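Working notes for the structure below.
The values are calculated or read from the model by the stated rules, or taken from the named source; none is laboratory data. Computed from a prediction, not measured in an experiment: that's the story for all the values here. Ideal geometry is used to build each Cβ from the backbone, glycine not excepted, and the neighbour counts take in all protein chains shown.
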Amino acid sequence: MQQTWRDALVTPEATMGQVLRVLDDAGIRMVMVADATDRLLGVVTDGDIRRALLRRVDLDAKISDVMNSHPHTAKVGESRESIRAKMEHHSLLHVPILDNDGRIVGLETYHHLTASPVRDNWVFLMAGGFGTRLRPLTDDCPKPMLPVGGKPILQSILESFVAAGFRRFYISVHYLSELIKTHFGDGSRWGVTIRYVEEATPLGTGGALGLLPEVDVEPVIVMNGDVLTQLDFNALMDFHLAQQSAMTICVREYEMQVPFGVVEGEDTTVRKIVEKPVHRFFVNAGIYVVSPEVVRHTHPPRRLDMPDLIEEMIGRSNRVSMFPIHEYWLDVGRPDDYASAQRGGGKDAGES
């Protein structure tokens with residue numbers, strides 16, 4: 001999303017003449033009309049102005065008389081593919097990005113969506129686990145190196161990030177680490193930078209963050225090395241930045257059906273029987289975005305699982321957001337999961 005979207009913002013009291021100047025100064029062909037809280041009221045394109053001029057509308061007229069009050073918009077977290085399809089279907093060059101309250105948080109452009117993105121953020125891939133539940137497959141092979149679709153799981157993850165424009169990676173290693181380091185090397189095979197973090201003893205995902213040798217000003221994406229997904233990583237990062245959170249947790253909806261009729265009552269009186277109800281929960285998907293202050297909080301390194309780190313951040317009144325995953329997602333933690341991944345093949349493994 002463009003970071004200069006406020007340059008294209010006007011109030012409903014602005015005149016058409018003032019909006020013309022904004023269109024020229026902002027260098028784009030659309031302005032957004034918003035109230036004092038950034039709630040979108042409408043949009044005005046270069047074409048709207050030209051049609052108004054043809055109708056002899058005076059340049060001193062309020063832009064609220066000219067604007068489109070029902071523009072096409074997108075929600076924070078909506079995938080790039082979805083937004084691009086919407087823009088192509090309606091022949092749009094710009095789409096405002098809104099939060100759940102209708103407030104503007106960005107402005108997406110067709111040019112930006114069709115250009116190859118480049119992200120400076122570090123990606124931290126966790127690949128040090130023993131994969132105990134997948135033995136004997138992991139007796140001589142780290143779980144992230146198990147093949148799916150003709151390549152290691154970790155390679156599919158890396159290539160998904162590379163396709164999304166990420167170029168800098170840390171990989172946390174411990175169990176059979178040389179197999180991982182030999183396969184990926186310094187990342188030059190993929191045109192990226194790969195560095196390794198060695199866990200002398202397993203520290204947990206949160207604790208491993210404390211081993212990072214440097215902290216940039218940009219957030220870091222942290223992801224377990226046994227997760228296969230087609231998640232839009234750019235949409236995730238845009239969401240995190242828009243929420244201004246210390247941490248963002250990716251979540252997946254999980255359904256659990258009770259295999260019996262559930263009896264609801266008071267004392268000895270039956271009020272209702274619900275036959276095999278389904279309960280829905282959001283579960284941790286093993287993908288996170290952490291801001292630099294969270295990374296600094298983990299120094300010096302200590303044993304710390306990610307749920308504990310999240311609790312610590314909440315306890316310190318840091319904002320923690322959740323980002324729902326609707327795309328393909330599979331945690332390859334058990335033999336059944338690995339069999340499912342094998343059936344899905346390269347497509348489900350996120351091949352580009």
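General remarks:
- Per the conditions (1) surrounded by 24 or more Cβ atoms within 10 Å (Cβ to Cβ); (2) farther than 30 Å from residue 10 by Cα, the sole criterion not satisfied by residue 120 is (1).
- Count - residues of the range 81-94 that are in contact (Cβ under 8 Å) with a residue 24 or more places away in the chain and touching a strand residue (DSSP E or B) at 6+ places or on another chain (Cβ under 8 Å): 4
- Test: residue in the range 187-205 that is touching a strand residue (DSSP E or B) at 6+ places or on another chain (Cβ under 6 Å), hydroxyl-bearing (Ser, Thr, Tyr) and crowded, with 22+ Cβ neighbours inside 10 Å: yes
- Checklist (1) among the aliphatic types (A, V, I, L, M); (2) within 22 Å of the chain's Cα centre (by Cα); (3) closer than 23 Å to residue 212 by Cα applied to residue 322, failing item: (3)
- Only a single criterion out of (1) buried (at least 17 other Cβ atoms within 10 Å of the Cβ); (2) modelled with pLDDT of 80 or more; (3) of a type in the set (Val, Ile, Thr); (4) over 20 Å from residue 299 (Cβ atoms) is not satisfied by residue 138, namely (2).
- Any hit, the range 23-37, residues being more than 25 Å from residue 242 (Cβ to Cβ) and in the same structural domain as residue 109 (by TED's automatic domain parsing): yes
- Test: residue 217 is assigned to a loop (DSSP other than H, G, I, E, B) and either out of contact with any helix residue (DSSP H, G or I) (no Cβ under 8 Å at 6 or more places or on another chain) or of a type in the set (Val, Ile, Thr) (or both): yes
- Residue count for the range 175-194 under the criterion of being assigned to a loop (DSSP other than H, G, I, E, B) and touching a Leu at 6+ places or on another chain (Cβ under 9 Å): the result is 2.
- On the stretch given as the range 163-181, residues that are touching a residue at least 60 places away in the same chain (Cβ under 8 Å) and on the phi < 0 side of the Ramachandran plot total 3.
- Checking every residue in the range 50-69 against the condition of being closer than 30 Å to residue 326 by Cα, modelled with pLDDT of 85 or more and either of a type in the set (Asp, Glu) or assigned to a strand (DSSP E or B) (or both) gives zero matches.
- One residue from 334, 316, 252, 296 being among the charged types (D, E, K, R), surrounded by 12 or more Cβ atoms within 10 Å (Cβ to Cβ) and either closer than 30 Å to residue 200 by Cβ or not assigned by TED's automatic domain parsing to the domain that holds residue 221 (or both): 296
- Some residue of the range 259-267 being under 28 Å from residue 127 (Cα atoms) and either among the β-branched types (Val, Ile, Thr) or surrounded by fewer than 20 Cβ atoms within 10 Å (Cβ to Cβ) (or both): no
- Residue in the range 224-234 that is crowded, with 18+ Cβ neighbours inside 10 Å and among the hydroxyl-bearing types (Ser, Thr, Tyr) present: yes
- Matching residues, the range 10-44, being small (Gly, Ala, Ser) and at pLDDT 90 or above: 14, 34, 36, 42
- Inclusion of residue 168 among residues that are over 27 Å from the mean Cα position of the chain (by Cα), of a type in the set (Lys, Arg) and surrounded by fewer than 22 Cβ atoms within 10 Å (Cβ to Cβ) is not warranted.
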